[in-house]
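One structure coming up, written as structure tokens, with questions to follow.
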Amino acid sequence: MNTPQTIVLSADKQGFFTVTAHGHTWRQDSSHRPCVRTKAGTLFFDQAQDISLAPYKTGLGAGYQLRYSGFPGSDAAFETLLWVDDATSRLHCLFVPLSLNEVVEVCWPAPMVADEPGSYAVVPYMQGYLLPTDWPQEAPKPPFNGQMCSSAAYMPWLGEITPKGGYLLHVTKPWDSAYDCLHPAGGPTRLSVRHLPSLGQMQDERSVTYQFTKPGSDYVTLCKLYRGMAEEAGLAVPLSAKGQRADGLDRLIGSSVLHVGIKTHISPDSAYYDQEHPEKNDEIIPFSQRADLVKQLTKAGAPRLYLHLDGWGEPGYDNQHPDYLPACEKAGGYPGLIALRETCRELGHLFGLHDQYRDYYFDAASYDPDNALMLADGTLFEFARWAGGWQNYLCPALSPHYLRRNYTELFRQGVTMDCVYLDVFTCNEPDECLNPRHRVTRKESLAHRLSCFDYMLAQGILPSSEEAIDWALPSLVFCHWAPYAQGGIPVPLFNLVYHDCVLIPWMLGKGSWGTPKGDLGFLHALLNAGMGYVADSLTGEAQKENLAQLKVLSALQTRLAHQQMVSHRFLSEDTRVQQATYEDGTTVTVDFNQETYEIKPPLEGV
């Protein structure tokens, strides 16, 4: 239960405010002038000729109401509301458009100043990282221009910790927001939010809240604060609840991921096309050969496997979506695909298909540009990077319909599965479409993606997608991975909030994408009690080592999948010795320098 704290708020007409909480006064960086960027130019708050500031009080709390108008050469007008919630002590910061046209973004509130020695930023870019205020390297630039609800921010919040206390900044409409983490080499750090228009216009409010914490708080404090918010919002749906919607979760827990493909075809238009060796652009591996691999790994002592099958459709991997059926004929067609599934089931393994409902390829059989996502300027986004060559994006309103069409046919052909992987939904930014026949806001695009996961659950199939992101957690069961950005000090912020809500696989070797440089991925998998990937190309002693690691991870995840990660801490000054503590009291300690680990209480039978 939150106990209200005394929060002292003051504001000025230039768009800045100060907050005193728990004895510490937070100030904003005055060099970051709040502004509204439009296609016609930038409107700085302090350029308004008519600015009013008045007390603001409701039955919920009190603060200030500011109104800005009279900008030179513009009829723009807007309000900001700053008020402290009497019940929660949260500071609410609302931007309210009154008359705004052609908005590009709203840059407000200005970043807080947290430059005291020992201070650090807390950034949920991918799994998460900490950024000390004097960190010697520049901060990593997040993908998708910092768009929230993407891999740039698995969770829609930012934070900073100082010796005198900290804050959690929560973005309440993250689908229409982005962020910046500015940190030149040596610091300091400035965290800020940018609010975006929807369907080319900004007609409703944008808001953030600040929750301030006491001296002695840390990044774990912020994660647990957000866990409470996520529970209130219905996002923190535990695995145990999802398991009631589809069978097979108990078998997926503790499984190891075997990720293999069937057909590769790389279009000459693709960025991956090999001009020098064109014969390498096409390959077909029979379904029966993949069945043999499953048998070989089982004989070698592999724990229970989850087979994630790429390239099973006739067009080949990343080609002609959403018209991906039938099963690849030269690989064995539907009979071969079904036989592979049966091999998995007979040996006690799980079987799943890789699929895609965002990339919309020009050479898909039913391609129609009217079904493509239309940008705010009326154009269709198009590019040629992936294996299938030229493409648009499919309007997200249509994705659930194509999904249902395809799986209706797969089921008719006798193709059933335990799991499914719907690519990119939990990695790429939210979409918006201006086509009047299927107009979609960013928020609605996420709802359409979520409905695809819900459809699979309704068929008794466990859904996964590329990364782990909290808007999807009401229905997402597992993901391809949720690793670290390359920057700052990696910490498992996402797992500190959501460990009991989603299963996350990890690459176990060194040098894999998302594994911190020089680190052994196996140790990160252990620390996070995750699933492991099978290195199916290994033989001999290397294969034995990989399978031994997988057995440890299987036992650990079986114990901890339904447990929250309650704490994470560094046991050495160089941060190389780390410990995670779970709800049942289990501790996992890893040493990245010595490449050793200790689990207490010890696992039995491994």
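Values in this text are rule-based calculations from the coordinates and carry no lab data. Keep in mind that this is a model prediction, so the values were computed, not measured. Don't worry about glycine lacking a Cβ; one is built from the backbone with ideal geometry, like all the others, and counts go over all protein chains shown.
Measure nothing fancy, just the Cα-based angle from helix 219-233's long axis to the longest principal axis of the chain, in degrees from 0 to 90, nearest 10.
The angle comes out at about 80 degrees.
Taking neighbour Cβ counts within 10 Å as the exposure measure, how do H562, H354 sort from fewest upward?
Working: H562 19, H354 22.
Going from sparsest to densest Cβ surroundings: H562, H354.
Right, something else. Tell me, in nm to one decimal, what length is gained between D370 and R251 on full extension, where the rule is 0.36 nm per residue of separation less the Cα-Cα distance?
Values: separation 119, 0.36 × 119 = 42.84 nm, distance 4.23 nm.
Length gained, D370 through R251: 38.6 nm.
For the chain, what are the per-bin percents of Cα-Cα distances with bins 20 Å wide, up to the bin holding the maximum?
With a bin width of 20 Å, the distribution comes to 19, 50, 27, 3.
Measure off 7 Å from each Cα along the Cα-to-Cβ vector at L603 and V104, then give the distance between these two points in nanometres to one decimal.
Computed distance between label sites L603 and V104 equals 5.2 nm.
Let me ask something additional. Hey, rough spin-label estimate for E205 and D75, points 7 angstrom out along Cα→Cβ, what's it come to in nanometres?
Result for the modelled spin labels: 2.5 nm.
To the nearest 10 degrees, how steeply does helix 287-299 sit against the main Cα axis of the chain, on a 0 to 90 scale?
90
Positive end of the charge dipole of the stretch 247-301 (Lys, Arg +1 and Asp, Glu -1 on Cβ, about the Cα centre): tell me which of P268, A300, L258 has its Cα farthest that way.
Final value for the positive-end residue is A300.
Taking Cα centroids, how far is the stretch 38-116 from the stretch 286-335 in Å?
Each part reduced to its Cα centre gives a spacing of 55 Å.
Report, largest value first, the span of the C-alpha coordinates of the stretch 7-233 along each principal axis, in whole Å.
46, 38, 34
Under a point-charge model restricted to the Cβ atoms of Lys and Arg (+1) and Asp and Glu (-1), what is the dipole moment magnitude of the stretch 7-233 relative to its Cα centre, in debye to the nearest 20?
On the way: 17 positive and 22 negative charges, 23 e Å.
Around 120 debye, computed over the stretch 7-233.
For R385 and K544, FRET efficiency with R0 = 30 Å and r from the beta-carbon atoms, rounded to 0.05? Numbers along the way, then the final one.
Working: r = 38 Å, r/R0 = 1.28.
Between K544 and R385 the formula returns 0.20.
Longer than 31 Å from Cα to Cα, which of K141/K443; K141/K510; K13/K164; K164/K443 are they? Say none if no pair is. Can you show the working numbers first?
Values: K141/K443 24 Å; K141/K510 23 Å; K13/K164 28 Å; K164/K443 37 Å.
Where the Cα-Cα span goes over 31 Å, the pairs concerned are K164/K443.
Would you mind calculating the gained length between F570 and E138 on full extension (0.36 nm times residue separation, minus the Cα-Cα distance), in nm to one decimal?
153.3 nm
Now, a different point. Determine the principal axes of the Cα atoms in the stretch 472-591, then give the extent along each, sorted from largest to smallest and rounded to whole angstroms.
39, 37, 26
How long are the semi-axes of the equivalent ellipsoid of the stretch 29-145, defined as square roots of 5 times the Cα gyration tensor eigenvalues? Whole Å, largest first.
Working: eigenvalues 174, 95, 36 Å².
The answer is 29, 22, 13 Å, longest axis first.
Continuing with the same structure: Of K295/K551; K299/K544; K263/K295; K299/K517; K263/K551, which pairs sit farther than 22 Å apart, going by alpha carbon to alpha carbon?
Working: K295/K551 17 Å; K299/K544 12 Å; K263/K295 20 Å; K299/K517 34 Å; K263/K551 30 Å.
As for pairs spanning more than 22 Å Cα to Cα, those are K299/K517; K263/K551.
Roughly how many debye, to the nearest 20, is the charge dipole of the chain about its Cα centre, given +1 on each Lys and Arg Cβ, -1 on each Asp and Glu Cβ, and no other charges? List each step's numbers first, then the result.
Numbers: 47 positive and 69 negative charges, 225 e Å.
That gives the chain a dipole magnitude of about 1080 debye.
Nearest 10 degrees is fine. How inclined is helix 399-412 to the longest principal axis of the chain, computing both from alpha carbons?
Rounded to the nearest ten degrees, it is 20.
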